[in-house]
Every structure is written in structure tokens, then in C-alpha cells.
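Can you read through this structure? Questions will come right after.
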Amino acid sequence: MGSDPLYAKYPNLTLAHHIFVHKAPSLAASHPLSQQHLTESITTERQAPLYRYLYHPTDGILAGKQPWDEQFYDDLVKKNTEEREGYEKEMREAEEKAGETEVTEWMGKIAEFWARVCDKDQSLASFEALYKKTPTLGAKIDIVLAIIRIYMFFDDKVGVTKNIERAKGLIESGGDWDRRNRLKAYQGLHLLSVRSFSAAAPLLLDSLSTFTSTELCTYEALVLYAVLAGTLSLKRVDFKHRVIDSAEVLAVLGSRRDENFTPSAQPNPTPTITTKTVVLPGGSVQQLPINPEDLWGGFTSLETLVNSLYTCDYKRYFVALAEVEEKFLKRDRILSEHRMWYVREMRKKSYAQLLESYRVVGLESMANAFGVSVEWLDKDLSKFIPNRALNCTIDKVNGVIETTRPDNKNKQYNDVVKQGDALITKLQRYGQAVRLRGSERV
């Protein structure tokens, strides 16, 4: 087992979510609450750099959302300066009277201070200086993970990618299992943010049974990310094993079901009241009672999406997909920019699953199965057929869709012929070169 993680408290990624909500015009109904959270955090934590980053009238990312108060900003800067100078004084005294351990401890407090007030440049510089001073491998890994979270807070994907590779190198050189498992969650969330769902799914699903990275997100959020990634990218057998029958997924999304469960015939179970950990402005932690149905408003619809895809109930699947987009994807900081792509890919996945069972299927019959009009289905299928995302053709005269499965045997034969021709050509050139060199000796 590894030691407790260091430097895991800041930056507070809950604030990044509220910044995202406050920026999104489509989430206007939630703007007052998000603004309240941000204002309370800035006031309580004395976050002068964050206040400027958000609300400065010339270069703030939320300029105009809240009046700029120069006096308030100056007061925050003054308090930040006093706090930082206090840390620096203690560090100088440690350098004179104590050892390297005490100096490193105060350097860590300064780095956490800059991370708490959300100063990107100063926090990164402080953590890099701390990294050079830190002797132990576990602490170095924790520092790199803190740097990754700073880049995540400011949505700097290049910085995240670079430092994930850095953390992987450290872990491969002897990192403990706890930090190895924590890094899986970091990698999974980053891969989602860059639209690499296939690579993210196994990492996120593996993290479910060993999740300790609560500084990134709640466990419920991780389960939802894993389900969304797995539903899109996993093949049917793996989807059944790793998502449908997963104990971790079932514990969050709903009640366990027997083999004869039919979604359309089963009433919704009574929601169970549980609790979640909430980090309040100021850093205090409180356990609040919650209803799973209220988390993002998406538990029931997500469960329906998963089950209806597996049971081929495409009409309910389409309805659930629209609800998941509206209630979860649209409201999530990581997934919102990919929601249109995700919904498109999920439609393609369901079309491919239905067409796989038939050589020919009626256009009207398929439209009825999905609960849409023939015209709409025709138009939507036409987005996937030209680039061969779906192996089928539409016969509008006869009103049918014909599947055109690729002939794997012919493909393998053609590949062998091509590779054989290339090999023969190389051997002929080699033989010519050998003969030429032999004639030169004569």
C-alpha cells in the first residue's frame, strides 16, 4: 500500500465546473447558483488571481458577468501578499535553523497556497521547484498529479498530456499501486476530454474497484464517465460483462436485475436516499443527503440507455439518448464539447447493431423500430453510408436497406497477394545487387 497522497486538496476542480456552467449560455438557469459558489469561494479563500482571471473587465473570461470591484480585488491581493510573506518567512527560518525536510514542507505550503488561489503560473513554478527539492518517488508523483490538476482546471490539454506521460514514467520506475491506480483515473478523464473514448473506457472501468482519486471527481461521476465510454466503445460481449453486469455500475445506476428482466415491463424502483461528500467554499467538507435521481438528472435515463441498447429496444434507446444528452452530457464540463459527436456515434452504433442481423430490412420497418419517420431515418443514414461508417445501401425504389458485409476471406487473400508481391520485388532487387557485386570482383 502507498502512503496518503500529498497536495491533493487544491486546486478545487468543483470551481472549474461552476466556471463552465457560468460560461455556458444554454445553462443560464444555473448561472445564479454557480456565481454564488464562485463568489463565496473567492471571498472565503481570498482568491485574488481567480477573481482577476474571471471578472477583469479587459481580459477576464467572464468579463461583464459580474461588476469589477477594484477595492475588493486590492484587499484580496493584500491578504494574499501577507499570507505568502508569512510562508516565505517560515521557510527562510527553516533554511537557517532546520533541515531539508522542514524546508520542503514550507515549499509545499507555498505551492498549495498558489494552487488554492488559482494562480496558474505561480503554482506551476512553485510545484516544479518543489519537485526538484523532493527526494522521494511517491511525493514526486503526487506533485506531478497536482500539476496535472492545475492544467485540468485551466483546460490546458497540452500540459495535461505532457505531465501524464511524465507521471507514467515515474510510476514505471517504481511507483506504488495506489498511485498507479490513481493515474488511471487521471488518464481516463483526460482521454475523454480529447475524445478518445475507446482508450478511456478500459482505464475508467478498471478504476471503479480501486477509485481513490476523489480530488478529480466523485465516485458517482466516475461511474457515469465509465458507462458512457464503455457503452460507446465496447463490443457486445465485453459490454455485457463490464457494464451491464458490473457490480460497481449496478450499485450506482440502479437495482440488480435477473436474467429475465424486461425494461418496458419493470416499474421504476423507489430511489434510495444516500449521501455525497460536498466540498464547501472555504474547504470544509460536509456529507449531504441526496437522491440518486437528482444527480445530473440522468441516472434513470442512463440506465435505460444501457439496458435498451443491450435488449435492442431501439425506440426507448433513442428517447433515453436524447435525455442523456440534455440532462448529463450538456451539463458536464468534460463531455459538453463532445456531446453532438457522442450522440451521433451512439446512433451509428445502434444502426450497425440492428443491421448486423439482416441482409435486407425494410426502411419503414427500421424507422418504426427507432420511433422516427422514414424521411428522418433516410437522411440520418445518409450521413454514415458515404464514408462506409455503415456497410449498407438504401434502395429507395423498393424501400429497403441492403447490408453489404465486407468479405473478410477475400480481403485476407488480397492482402497476402499484395504482401507476396512486395516480398518478391525485394528479393529480386537483392538478387540483382548480389550478382552485380560478384561481377565486380571478377
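Nearest 10 degrees, 0 to 90: what angle lies between the long axis of helix 339-355 and the longest principal axis of the chain (Cα atoms)?
Once rounded, one gets 30 degrees.
First compute the accessible area of the chain with a 1.4 Å probe, then give the percent of it belonging to carbon and sulfur atoms.
Values: 12270 of 23740 Å².
Taking all protein chains in place, the chain shows 52 percent carbon and sulfur surface.
Next question, about the same structure. Counting every Cα pair in segment 1-156, what percent are over 18 Å apart?
Working: 7419 of 12090 pairs.
Of all Cα-Cα distances in segment 1-156, 61 percent exceed 18 Å.
Treating the angle as unsigned and between 0 and 90°, give the value, to the nearest 10°, between the Cα long axis of helix 13-23 and the longest Cα principal axis of the chain.
That helix lies at roughly 70 degrees to the long axis.
Rank these by accessible area, largest first, 1.4 Å probe: R182, R92, R388. Show your work: numbers first, answer last.
On the way: R182 5, R92 120, R388 190 Å².
Largest to smallest exposure gives the sequence R388, R92, R182.
So which GluC sites (Glu not before Pro) in segment 335-426 pass both tests, a DSSP loop state and at most 13 other Cβ atoms within 10 Å of the Cβ? Could you put the intermediate results ahead of the total?
Values: sites: E337, E345, E356, E364, E375, E402; in loops: E356.
Passing both the DSSP loop test and the Cβ count: E356.
Given I141, S350, A29, which one lies farthest toward the positive end of the charge dipole of the chain, if we put +1 on the Cβ of every Lys and Arg and -1 on the Cβ of every Asp and Glu?
Toward the positive end, the furthest listed residue is S350.
How big is the accessible area of D119 in square angstrom, nearest 10, if you roll a 1.4 angstrom probe over the protein chains?
40 Å²
Right, here's the next one. Over the chain, what is the relative contact order in percent, taking alpha-carbon pairs closer than 8 angstrom and at least six residues apart?
On the way: 477 pairs, mean separation 44.9, N = 442.
Relative contact order, the chain: 10 percent.
Taking the Cα atoms only, what angle lies between the long axis of helix 120-133 and the longest principal axis of the chain, rounded to 10 degrees?
That helix lies at roughly 80 degrees to the long axis.
What figure in square angstrom, to the nearest 10, would you give for the accessible area of I148 with a 1.4 Å probe?
0 Å²
Nearest 0.05, what FRET efficiency do S373 and V194 give at R0 = 30 Å with Cβ-Cβ as r? All intermediate terms of the calculation are to be shown ahead of the outcome.
Working: r = 35 Å, r/R0 = 1.18.
The calculated FRET efficiency here is 0.25.
With contacts defined as alpha carbon pairs under 8 Å and 6 or more residues apart, what's the relative contact order of segment 43-175 in percent?
Numbers: 123 pairs, mean separation 23.0, N = 133.
Worked out over segment 43-175, it gives 17 percent.
Among Y53, T210, F370, flag the residue with its Cα farthest along the positive direction of the charge dipole of the chain, charges on Cβ as +1 for Lys/Arg and -1 for Asp/Glu.
About the Cα centre, the residue reaching furthest to the positive side is F370.
In terms of the Cα gyration tensor, with a ≥ b ≥ c the square roots of its eigenvalues, is the chain rounded because a/c is under 1.5, prolate because a/b exceeds b/c, or oblate? Spell out each step's value before the answer.
On the way: a/c = 2.19, a/b = 1.34, b/c = 1.64.
Note, shape of the chain comes out oblate.
Based on the Cβ-Cβ distance of K240 and E402, what FRET efficiency does E = 1/(1 + (r/R0)^6) give at R0 = 25 Å, to the nearest 0.05?
Numbers: r = 29 Å, r/R0 = 1.16.
According to the calculation, E is roughly 0.30.
Using a 10 angstrom cutoff on alpha carbons, build the Gaussian network for the chain and name the most mobile of Q412, Q428, Q353.
Among Q412, Q428, Q353, the largest GNM mean-square fluctuation belongs to Q428.
Give the calculated FRET efficiency between V416 and Q353 to the nearest 0.05, with a Förster radius of 35 Å applied to their Cβ-Cβ distance. If you can, show how the numbers build up before the last one.
Working: r = 31 Å, r/R0 = 0.89.
After rounding to 0.05, the efficiency reads 0.65.
Provide K23, K379, K97, K349 ordered by accessible surface of protein heavy atoms (probe 1.4 Å), highest first.
Working: K23 110, K379 145, K97 170, K349 50 Å².
The residues order as K97, K379, K23, K349, largest area first.
Taking the Cα centre of the chain as origin and charging only Cβ (+1 Lys, Arg; -1 Asp, Glu), how large is the dipole, in debye to the nearest 20? Write down the numbers at each step before the final one.
Details: 59 positive and 59 negative charges, 462 e Å.
Using only the charged Cβ atoms, the result is roughly 2220 debye.
The values are calculated or read from the model by the stated rules, or taken from the named source; none is laboratory data. Remember, predicted model here, so these are calculated numbers, not experimental data. Because the Cβ atoms are built from the backbone with ideal geometry, glycine has one as well, and the counts that use them run over all protein chains shown. In case anyone asks, the SASA skips ligands and DNA or RNA and just uses the protein heavy atoms, side chains included. Shrake-Rupley method; radii C 1.70, N 1.55, O 1.52, S 1.80 Å.
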